[in-house]
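I have placed the structure first, in the form of structure tokens, so that the comments after it can refer back to it.
The values are calculated or read from the model by the stated rules, or taken from the named source; none is laboratory data. Source: prediction; values computed, not measured. Note that we place each Cβ from the backbone using ideal geometry, even for glycine, and neighbour counts take in every protein chain shown.
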Amino acid sequence: MAFPLIAIAASLAPEIIRLIAGDRAGTVAGTVAEAVRQVTGTEDPAAARAALAADAEKAGALRIRLAEITLAGERLSAERETGLRSAEMEALRATLGDTQSARASMAEMLRGGSRLAWGPATVSTLVVLGFFAILILLVTLDAGPGGAARFDPQVASIINITVGALGAAFAAVVNFWIGSSQSARDKDAMVGRLHDAQTQQVQTAMATLREAAPVPALRPAALSPVSFTTAGPSAEDRFEACLELMLTAEGGFVNHPADPGGATNLGITRRTLSEFREAEVTVEDVRRLTRAEAREIYRARYWTPMRCADLPAGIDLMVFDFGVNAGPGRSVRLLQRHAGVAADGSVGPITLAAVRACRAPELIERLAEGRLAYYRGLDTFPTFGLGWTRRVDQARQAALSMAEPVPVPMVA
């Protein structure tokens, strides 16, 4: 396995490590190494790094190829998980079907007046009564003289066997009449084994990569060192943080005559509020807009459609803030252009994979520059340009702070 080439790929797309570690067959690692060879035209790691450092287009092409590999791997993982769940459901249906069939046969015999129908009920009653009777007897028996054992070893051994047999019979009775949670326990055990296996594979892959030659620092347009981050805040926490920053930038009620949006409060225009309420609103309605309603508007019309919850921290703020200010479609297209995918204005799996393959700080800087270029082309830039520029810089600084990773050294 060409681990130096994989290390180069990991410096461009850190998420590829998870796919490589979870692939027992090693096909993902081979595909990744082949992608590096195809883009750089060489199998030599030093020459490959030099080629990527000298040609930013090659580095961008490799990012896109790694994003496609990541997407394909995630699809295969999802299909495998779906197949596993289907198998578990089939096994559970078979078990429940056997029990249901036995119950149905008993009910049929009862309707036919057969005495055999009372067999399961009689046996179940005897087992339950015997189990609890023996259990109560053992609990209430006193010890022998001087605290000695009540029974000699041979009798105690027979009692243990009897209790074990009654316990197994009692479990079978419960399974027949009530049902069993064994399938749930089996599922938990299986998930635990899969988790342990995946953890071991990740540790092995990381140890091997640490032994590989580290990728030297290259210019930002090409490669950057691999780093990993600790678990970040939840999507809901990120939404609240981004919303707070955006509302601070938007301010309160304004009705500037040069603003084509007209009356605006908390960043919500009169037209947006009318569409959300599905009724025409007045300027006074805009003035009385509450923060709670504005929050729901931002979530429903901007955050969720642009799939900001699925974007990396920091990039979510850049896309959200620009989407609020200039429209969700325009913000998404700007993101797609700088991530190197088709700019169709809709965030899907390919866009998400390409964005995750980018270095977040670099993408944030490109988004800020693209946003400023858009503002400079507007007729109202002489009036609002200073405020827009200040807002872009504030969003950029906040986004970089959110995206700042906690590095974990690759070499001890």
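Numbers at a glance
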| quantity | calculated |
| --- | --- |
| From the options 6, 20, 16, residue that is within 24 Å of residue 349 (Cβ to Cβ), crowded, with 20+ Cβ neighbours inside 10 Å, at pLDDT below 80 and more than 22 Å from the chain's Cα centre (by Cα) | 6 |
| Scan of segment 294-314 for residues that are under 19 Å from residue 325 (Cβ atoms) and either among the hydroxyl-bearing types (Ser, Thr, Tyr) or in contact with a Lys or Arg (Cβ under 9 Å, 6 or more places away or on another chain) (or both), ordered by number | 298, 302, 304, 308, 311 |
| Per-region count, segment 382-408, residues at pLDDT 90 or above, surrounded by 12 or more Cβ atoms within 10 Å (Cβ to Cβ) and hydrophobic (A, V, I, L, M, F, W, C) | 6 |
| Odd one out for residue 313, checked against (1) touching a Gly at 6+ places or on another chain (Cβ under 7 Å); (2) part of a helix (DSSP H, G or I); (3) within 22 Å of residue 394 (Cα to Cα) | (2) |
| Answer from 258, 235 - the residue that is touching a helix residue (DSSP H, G or I) at 6+ places or on another chain (Cβ under 7 Å), surrounded by fewer than 14 Cβ atoms within 10 Å (Cβ to Cβ) and not basic (Lys, Arg) | 258 |
| Residue check, residue 280 in a loop (DSSP other than H, G, I, E, B), surrounded by fewer than 14 Cβ atoms within 10 Å (Cβ to Cβ) and assigned by TED's automatic domain parsing to the domain that holds residue 366 | yes |
| Hits in segment 358-369 (condition: surrounded by 19 or more Cβ atoms within 10 Å (Cβ to Cβ) and either in a helix (DSSP H, G or I) or at pLDDT 95 or above (or both)) | 360, 363, 364, 367, 368 |
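The rows are residues; the columns are (1) aromatic (Phe, Trp, Tyr); (2) farther than 26 Å from residue 383 by Cα; (3) not in a loop (DSSP other than H, G, I, E, B).
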site	(1), (2), (3)
240	no, yes, yes
244	no, no, yes
258	no, no, no
272	no, no, yes
275	no, yes, yes
292	no, yes, yes
